[in-house]
Each structure stands twice: as C-alpha cells, then as structure tokens.
Amino acid sequence: MDAVRHCVLGCLPAPAVTRAGTLSAADDNDGEDRISALPDELLRDIVSRLPIKDAARTAVLSPRWRRVWRSTPLVLYDAHLFPSSSEDARVAAIHRILAGHPCPLRTVHLAYCFFGAAQGPIKFVGRGCFGVHERRLAKWSRFLAAGGVQDLVFISQPPPVDMPLPADILRCTELRRLYLGFFHFPDTRDLPNGAGVFPHLREFVVLNTCIEDRDLDHMLASSPELETLAFVVSYGMPKLVRLLGKKLKCVLFWLSMAEELAVVDAPSLERLIMWHTRPPSRFDESDDEPRMRVKIACAPELKVLGYLELGVHKLQIEHTIIKADTEVSPTCMVPSVKILALRVNFSVFTEVQMLANFLRCFPNIETLHVESVIADEPTGEHYAEFFEKVSPIECVRNNIKKVVLHKFHMDISEVAFLKFMTQRADELQKLTLVLPDEALVQVGQDLLGALAIPPWASKECMVLLVGPIVERGWDFYRASDLSIDDPFLLEHEQELFCLVKKGE
C-alpha cells in the first residue's frame with residue numbers, strides 16, 4: 001500500500017504557492033511600507049499566493065488587511081499545515097477554513113487527510129466501518145460545492161482504499177480540475193445528465209478510485225470541456241473505459257487494469273498513453289492468455305500512441321481485430337499517428353509476427369519507439385528469416401525518420417529487427433539504441449560497426465548508443481504534458497557512442 005500511496009502522491013499537480021519565498025513590506029532605504037499602498041485587487045492577488053497559514057495571518061495586520069483576507073478567493077493546500085499541526089488539529093483547521101471563509105474557493109488540495117482513521121464513535125456504512133471523519137467529509141463536500149471550488153485535489157489517505165465519496169462533490173459545478181484518490185465514486189443513476197453538470201471541467205484524474213462504468217460515462221457526458229482524462233493505479237473499475245468527448249485531447253491509463261479501453265468518439269484526441277496496463281486477473285476470454293482490448297474507432301487527430309504491448313493488448317481498429325495473419329486494409333489503419341511506442345518480447349515469435357502487422361496499421365509514423373523485452377532463453381535464426389520475408393513497401397513507410405530501441409540487449413532477434421529497419425526505412429535520420437546496462441557498451445560498439453555495413457536504405461543516418469535513462473525520466477507529468485512533442489523521448493545519463501552512416 002505504501003507503494004500505491006507513493007505513486008498517487010507522485011502524480012498530484014505541483015502547488016501554485018510555495019513556502020520557500022520571502023516577502024518584505026519595507027524598503028531598505030526609508031523603511032516605508034510600500035505593499036500596503038497597493039490597491040486591494042493587487043493585495044488579494046498577493047495574499048492568494050501565500051501559504052494558507054501566512055495568508056490567514058495577514059488579517060491581524062489591520063482592518064484593511066482583514067477585509068483583504070476575507071475577500072480573497074481561498075487557496076488551500078493541506079501540506080502547508082505541516083509539520084506543526086497534529087492530525088486532529090490539522091483536520092479541525094481545514095474544517096474552520098472551509099466553513100468560515102466567506103469568499104469563493106479557488107484552489108483546495110487535500111492530500112493528507114485520513115478520513116477512515118478517526119477516533120471516537122464508529123458506525124458501519126456500506127463497504128466498511130468509519131467514524132466521525134466520514135460525517136466531516138460529507139460537510140466538507142457541501143462546503144466545496146457551495147464555495148464554487150475550481151481546482152480540487154481530494155485524497156483520502158488509506159486505509160480504507162474505498163471511502164465512499166459524498167455525492168455533493170458532483171454539485172461542484174465550477175470545477176476546472178478534479179483529482180480524486182482512494183475513494184469509491186458516488187452512484188450517478190439518479191442524477192441529471194448533460195453539459196450543465198460540469199460545464200467548465202477540463203482535467204479529471206482518477207487515482208486508485210473505484211468508479212463504475214455507468215458513472216464514468218456520466219462524467220464524460222456531463223463534461224463538454226474535458227481535455228485531459230487519466231486513470232492511475234485503477235484495478236479493474238471501471239471495467240470498460242469508453243472515451244467520448246468532443247474536446248478530449250489527452251488520455252492516460254497508468255499502472256491500471258481494464259477489460260477494454262475504447263476510443264469511441266474523440267475527434268480532438270491527440271495523445272493516448274498506456275503505461276504498464278493489463279486486463280484484470282479475473283477477466284476470462286476465449287484466448288489462452290487474456291488480453292486487454294484496445295479499440296480505436298473515431299480518433300482522426302490521434303498523433304501519439306503507446307505503449308501498445310503486443311503480449312498484453314488486443315488491438316482493434318474499427319471492426320477489425322489485428323492479428324499476426326490479418327490482411328491490413330485502409331479501413332483498419334490510423335493514418336494520423338506520428339509517434340508510436342510498442343513493447344515487444346522479441347523472444348516470442350508470435351509477438352515478432354504481430355510487430356510487422358502493427359506497423360502496417362500506422363502507415364504515417366515518423367518516430368517509432370520499441371521497448372525490448374527479452375526472456376532468458378536464446379532466440380533462433382528464424383527471426384531473421386521472418387524479417388527478410390516481410391514486404392518493405394507494406395510495413396516500413398518512407399516517412400519513418402527516428403527509431404529508438406529501448407532496453408537493447410543485443411539479442412539476435414533485436415539485431416534482425418534493426419537490420420530490417422535500416423535496410424528498408426528510406427528516410428531514417430536517427431537510430432538510438434538505449435542500453436539497460438553499461439556493461440554492454442563494448443558489445444554495443446561492435447554492433448554499431450556491424451550495422452554500418454551496407455546496404456542502408458537512407459542516404460544519411462546518425463546512430464547513437466546511449467546509457468540508461470536518468471532517474472525519474474519517464475513519469476506521469478511528462479506523459480500528460482501536451483507541450484512535449486514526444487513524451488517517450490527521454491534524457492539519458494550519457495552518450496556512449498555515435499556514428500553517422502552515409503548511404504551508398
């Protein structure tokens with residue numbers, strides 16, 4: 001549970017205010033109080049950028065500062081109540097602030113509250129037993145809705161891991177951003193649908209929170225402005241993730257399980273990121289190995305897709321399930337994808353066969369990332385024979401400019417794949433091999449020398465051999481940041497070897 005808690009907290013947005021800054025009201029030369037001479041509007045902006053305890057203390061400076069504090073939209077981070085406050089004192093302080101502040105609530109981030117660990121009378125409710133904090137949770141939800149909170153991070157520190165979330169949270173119609181952690185989402189069957197429920201919500205992140213399929217459908221139907229949707233450490237609820245939204249741009253499925261992830265109707269979707277996903281263990285399919293279905297129906301703007309795991313995901317485009325022997329036609333292609341990331345076990349021949357067909361489904365990729373998974377047992381010569389037989393016209397298009405092979409082990413099947421790419425990709429400009437261990441450097445240099453031998457399809461290509469990625473290079477923030485063109489392209493500890501291959 002500590003690992004899950006650490007993962008959830010690591011995905012929370014950075015605070016908009018800091019305790020590290022300093023503020024001086026007096027000029028060093030004449031000692032004049034220049035801040036108090038500012039208009040109230042600027043003072044409110046200043047107060048809103050202070051940690052909550054410092055902001056509240058401004059009320060004792062003067063009657064004017066008291067009016068400024070009471071008219072400042074609230075910005076509350078419960079982390080700023082550490083470390084001097086005990087758990088009970090901190091919860092009581094949050095309750096007083098939410099109940100007593102007369103101005104609207106702009107930002108409320110509650111990430112360190114233990115609603116299920118209360119002292120006092122215990123009562124049984126639904127899925128578990130909770131005490132006085134549950135009633136306080138219900139009151140806080142009403143305060144948040146009445147205060148028109150816009151940016152809400154609401155984490156119920158476990159245990160329990162499925163604290164019932166009060167339905168009053170769904171009355172927060174001014175929300176722009178909503179993060180929920182370790183809750184059980186409320187039942188929406190009796191609530192109204194439509195764009196008026198969450199007319200401004202742009203970002204919705206579900207962190208180890210159980211949400212039924214119908215309730216997720218309700219949230220998507222009720223959030224016409226939603227741009228970012230993410231699931232983190234979601235263990236099978238929802239089972240079926242159906243993505244619909246006219247303005248939905250970025251979807252992350254992070255360390256999570258589902259039976260199906262389906263892009264049903266997302267005309268603005270640009271990025272679909274899946275990281276260590278799989279079907280629930282109880283999910284039963286006719287296949288020997290159950291797989292998580294990934295369906296793409298309507299996503300005309302999808303540019304970044306990955307990681308598709310050939311041994312974990314069952315890819316379906318429109319009405320066609322992509323298999324090793326599927327005849328790929330234009331109806332089962334996604335031409336908009338420019339950056340594709342795959343995870344392939346090169347020691348499994350069926351996955352190698354699938355790799356060729358997956359490439360056919362995305363005919364216009366410019367950057368290809370392949371993370372290699374190699375089993376202990378060696379692979380055979382038939383991998384090289386297979387790649388030699390694959391049609392270059394159908395599988396590798398002329399516009400692939402960059403190839404990155406992550407966790408490159410120098411296995412014979414990986415080498416066969418590299419030769420397959422270098423001998424067919426006419427526009428290849430850069431090939432990067434990421435080693436999992438620096439002990440492989442010498443072998444890698446020898447390999448690069450071998451790869452330099454013609455024939456190469458491209459006229460000129462840079463080949464890089466690099467060390468492992470820097471610590472925490474690939475994370476939730478990078479994956480969800482649309483300003484980063486290629487979220488899979490990471491910084492590395494060092495460049496170990498480089499050569500420029502010139503074609504014949």
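The values are calculated or read from the model by the stated rules, or taken from the named source; none is laboratory data. A quick note: this is a predicted structure, and the numbers were derived from the prediction, not measured. We place every Cβ from the backbone using ideal geometry, glycine too, and count neighbours over all the protein chains shown. Note: areas computed on protein heavy atoms with side chains; ligands, DNA, RNA excluded. Shrake-Rupley method; radii C 1.70, N 1.55, O 1.52, S 1.80 Å.
What the table below lists for this structure:
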read-out	value
Meets criteria (in a helix (DSSP H, G or I), open to solvent by 40 Å² or more (accessible area, probe 1.4 Å) and at pLDDT below 85) for ALA89	yes
Whichever residue in the range 106-132 is open to solvent by less than 20 Å² (accessible area, probe 1.4 Å) and out of contact with any Asp or Glu (no Cβ under 9 Å at 6 or more places or on another chain) and, among such residues, is modelled with the highest pLDDT	GLY131
Counted residues, the range 475-489 - those being open to solvent by less than 40 Å² (accessible area, probe 1.4 Å) and either over 27 Å from ASP426 (Cα atoms) or at pLDDT below 85 (or both)	3
Total residues in the range 133-162, condition crowded, with 18+ Cβ neighbours inside 10 Å, without any contact (Cβ under 8 Å) to a residue 60 or more places away in the chain and among the small types (Gly, Ala, Ser)	3
Total residues in the range 266-279, condition surrounded by fewer than 22 Cβ atoms within 10 Å (Cβ to Cβ), touching a Leu at 6+ places or on another chain (Cβ under 7 Å) and at pLDDT 95 or above	2
Residues of the range 217-230 satisfying the condition of being under 17 Å from the mean Cα position of the chain (by Cα) and open to solvent by less than 40 Å² (accessible area, probe 1.4 Å)	LEU226, THR228, LEU229, ALA230
Selection within the range 171-183 - aliphatic (A, V, I, L, M) and closer than 11 Å to LEU201 by Cβ	LEU175, LEU178
Residue satisfying all of: in the range 291-324; under 22 Å from VAL348 (Cβ atoms) and open to solvent by 50 Å² or more (accessible area, probe 1.4 Å); farthest from the chain's Cα centre (by Cα) among these	LYS323
Search result, residues across the range 310-332 that are within 15 Å of GLN353 (Cβ to Cβ) and assigned to a loop (DSSP other than H, G, I, E, B)	LEU310, GLY311, ILE322, LYS323, ALA324, ASP325, THR326, GLU327, VAL328
Hits in the range 325-366 (condition: among the β-branched types (Val, Ile, Thr) and either in contact with a Pro (Cβ under 8 Å, 6 or more places away or on another chain) or open to solvent by less than 30 Å² (accessible area, probe 1.4 Å) (or both))	THR326, VAL334, VAL337, ILE339, VAL344, VAL352, ILE365
